[in-house]
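S.K.: Following this message is one structure expressed as structure tokens.
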Amino acid sequence: VITGERRYNYDMSEASQLNLVVGCSARYGRHDYVSNGASLTSGCVFLECSSSGAYAPSEGHRRWSTGLLYDNVTFAQPNSSMLLCLYNRGYYGTSHGWAAAHSVAWNCDVGGGTLILQKPPTAQNYAIGCFGTVTGQKPPSPFGEPQGYIEGTSRPGISPKSLYRAQLAER
């Protein structure tokens, strides 16, 4: 059934911290790669993953998930126009509000879809080197908020190719 609380393929729920999801694929989910754990969720990474046929965006889902990294995630054959969102979800669900803060989409490809990126109060979200439509404007965003930091949209050859792998190599 395509409805609330269903088809969250890779879900970082309550108090999920420092989780790494690598090389996974998701099909026909509502929120394929999602942080649904509110402000207790932080530091989760979706690395080199793919999504096909998504019915709703991958996203920070509710109440201030922080430090999410979507790194080289690709989206294909969507059933939704919004595919990756770091934004304000306003009154959606149980008044989800700001769904992600201090989060990054790095070298992601939303193909023919849209990546929504907005700047929360006292925080920032980033989209660096992503392909497709990248915006924080309303519409297509459902709620009018300031746009987050966007750089290098649809520009091939971003360096480093993977933010996660570059930071890991520097340890």
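The values are calculated or read from the model by the stated rules, or taken from the named source; none is laboratory data. Worth saying up front: this structure is predicted, and the values here are computed from it rather than measured. Cβ placement follows ideal geometry from the backbone for every residue including glycine, while neighbour counts extend to all protein chains displayed. These accessible areas exclude ligands, DNA and RNA; they are computed on the full protein's heavy atoms, side chains included. Shrake-Rupley method; radii C 1.70, N 1.55, O 1.52, S 1.80 Å.
S.K.: For residue 137, indicate whether it is part of a helix (DSSP H, G or I) and modelled with pLDDT of 95 or more.
M.R.: In short, no.
S.K.: Only one of 20, 69 is of a type outside the set (Phe, Trp, Tyr) and within 20 Å of residue 123 (Cα to Cα). Can you tell me which?
M.R.: After applying the criteria, what remains is 69.
S.K.: Could I ask something else about it? Could you check, for the range 91-101, whether at least one of its residues is in a helix (DSSP H, G or I) and on the phi < 0 side of the Ramachandran plot?
M.R.: Yes, there is a match, as at least one residue in the range 91-101 is in a helix (DSSP H, G or I) and on the phi < 0 side of the Ramachandran plot.
S.K.: Name the one entry in 112, 132 that is surrounded by fewer than 23 Cβ atoms within 10 Å (Cβ to Cβ) and modelled with pLDDT under 95.
M.R.: After ruling out the rest, the residue left standing is 112.
S.K.: Just to verify a result, which residue in the range 54-75, among those that are assigned to a strand (DSSP E or B) and modelled with pLDDT of 95 or more, is most open to solvent (accessible area, probe 1.4 Å)? Lay out the reasoning, then the answer.
M.R.: Let us first name the residues in the range 54-75 that are assigned to a strand (DSSP E or B), namely 58-60, 65-66, 69-71, 74-75.
Checking the rest, the ones that are also modelled with pLDDT of 95 or more come to 69-71, 74-75.
Values: 69: 15, 70: 0, 71: 0, 74: 61, 75: 19 Å².
So the residue we want is 74.
S.K.: Residue by residue through the range 76-90, note down the ones that are at positive phi and either part of a strand (DSSP E or B) or open to solvent by less than 50 Å² (accessible area, probe 1.4 Å) (or both).
M.R.: Filtering the range 76-90 down to residues at positive phi leaves 77, 90.
Of everything in the range 76-90, just one residue is at positive phi and either part of a strand (DSSP E or B) or open to solvent by less than 50 Å² (accessible area, probe 1.4 Å) (or both), namely 90.
S.K.: Scan the range 17-53 residue by residue and report those that are open to solvent by 20 Å² or more (accessible area, probe 1.4 Å), at pLDDT below 90 and part of a loop (DSSP other than H, G, I, E, B).
M.R.: 30, 36
Conditions (1) touching a residue at least 40 places away in the same chain (Cβ under 8 Å); (2) more than 13 Å from the chain's Cα centre (by Cα), marked per residue:
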residue	(1), (2)
104	yes, no
112	no, yes
142	yes, yes
150	no, yes
153	no, yes
157	no, yes
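S.K.: For residue 153, which of the numbered conditions (1) over 12 Å from residue 107 (Cα atoms); (2) polar (S, T, N, Q); (3) surrounded by 12 or more Cβ atoms within 10 Å (Cβ to Cβ) fails to hold?
M.R.: Going through (1) over 12 Å from residue 107 (Cα atoms); (2) polar (S, T, N, Q); (3) surrounded by 12 or more Cβ atoms within 10 Å (Cβ to Cβ) one by one, residue 153 breaks only (1).
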